[in-house]
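The values are calculated or read from the model by the stated rules, or taken from the named source; none is laboratory data. These figures come from a predicted structure and were not determined experimentally. Here the Cβ positions follow ideal geometry from the backbone for every residue, glycine too, while neighbour counts run over all protein chains shown.
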Amino acid sequence: MFKAFREKFSVEYVKREILRTTYGNRETFLAQLDPRVLLLWYLVFALLPWFFYNRTILLGLCLMLLGMALLTRVSSLILIFLAVGVVGQIFGWSMTALFFGGNLEIFWSLTTLILKLLAVSLASIAIFASLEPDRLSDALLALGMPGQFAFGMSYGYRMIPVLIDEYHHVINAYRLRGKQPEPGFLRTRQIAHYLNLMVRAFYPMILNTAKRIRTTVEGLEIKGFTYAVNHPEVKKLKLQHLRVDLRDYLFLASTVLAVLVIVIIGLQFPT
């Protein structure tokens, strides 16, 4: 069982799923919309759940955003991590409340906050699984963000697979130089060994990645990056492919209609 779990959720599997989520969703509906529209849509849904306390409305928003996330063909690994995080939050907060003298009614009270966090998380998954690093950078630049900030967001987005790859190399180097302990009761020694390697691999990973970043920055400055991001003609040329067409307006109109329906149903059947 432990071997099957390790093979299923290996570093290569995680890296492959993240790459697929970041770069493999170009054919989905959301990926074909204007990135500025997607960012503004995400800004609205990152704030909208915090204005409602009706659990029916919040549940409806979560179901709608879950459908949006499924339309982006998001990796099942991401949804599993989200589900584990939500369950962990519910369990942790409930245990804390019971420890300080509360009762099971606190669990029902916490569902409002959990639904709000879940809605924001699903909106984040739906949008950032549909935005490639280049489109994200262009959208931020078109919305008036500084060029260095827009490029930094895009570059950080691209660095996630590099970090995972570097982390994998460092762990393999430690495994080659060390001896794996013999399996004991419930493989506790092997688990402790892997946890030790995971912690020790962080510093070499950050150091090696910092070297790559310095090389990248020097290469960009040689090609005139600072001048380009502050030059209006270069910015205009870079963003000339952005267009808001009928499909974007229909998406926004359908979203507004869906939210109105959810609010009406929530007011008719409040919790």
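Here are some notes:
- Pairs are defined by a Cβ separation below 7 Å, a sequence spacing of at least 6 or placement on different chains, a first member in segment 93-117 that is closer than 19 Å to Leu59 by Cβ and at pLDDT 70 or above, and a second member that is in a helix (DSSP H, G or I) and among the charged types (D, E, K, R); the pairs so defined are Thr111/Arg55; Thr112/Arg55; Leu115/Arg55.
- Candidate set: segment 201-228, residues that are surrounded by 14 or more Cβ atoms within 10 Å (Cβ to Cβ) and over 25 Å from the mean Cα position of the chain (by Cα); chosen: the one farthest from Val170 (Cα to Cα): Ala228
- Only listed residue being farther than 19 Å from Leu30 by Cα and in contact with a Leu (Cβ under 9 Å, 6 or more places away or on another chain), chosen from Gly152, Gly178, Gly156: Gly178
- Per this entry, Leu65 is counted among residues that are assigned by TED's automatic domain parsing to the domain that holds Leu30 and either buried (at least 19 other Cβ atoms within 10 Å of the Cβ) or closer than 29 Å to Gln32 by Cβ (or both).
- From the options Ser121, Ser76, residue that is of a type in the set (Ser, Thr, Tyr), at pLDDT 80 or above and under 14 Å from the mean Cα position of the chain (by Cα): Ser121
- Here Ser137 fulfils each of the conditions (1) assigned by TED's automatic domain parsing to the domain that holds Gly266; (2) under 30 Å from Gln240 (Cα atoms); (3) without any contact (Cβ under 8 Å) to a residue 40 or more places away in the chain apart from (1).
- Condition check for Tyr157: within 24 Å of Val44 (Cβ to Cβ) and of a type in the set (Ser, Thr, Tyr): yes
- Hey, Ser130 touching an Asp or Glu at 6+ places or on another chain (Cβ under 7 Å) and touching a residue at least 12 places away in the same chain (Cβ under 8 Å) or not: no
- Total residues in segment 159-197 satisfying the condition of being among the charged types (D, E, K, R), within 28 Å of the chain's Cα centre (by Cα) and modelled with pLDDT under 75: the figure is 0.
- Filter result for Phe45 (at pLDDT 80 or above and assigned to a helix (DSSP H, G or I)): yes
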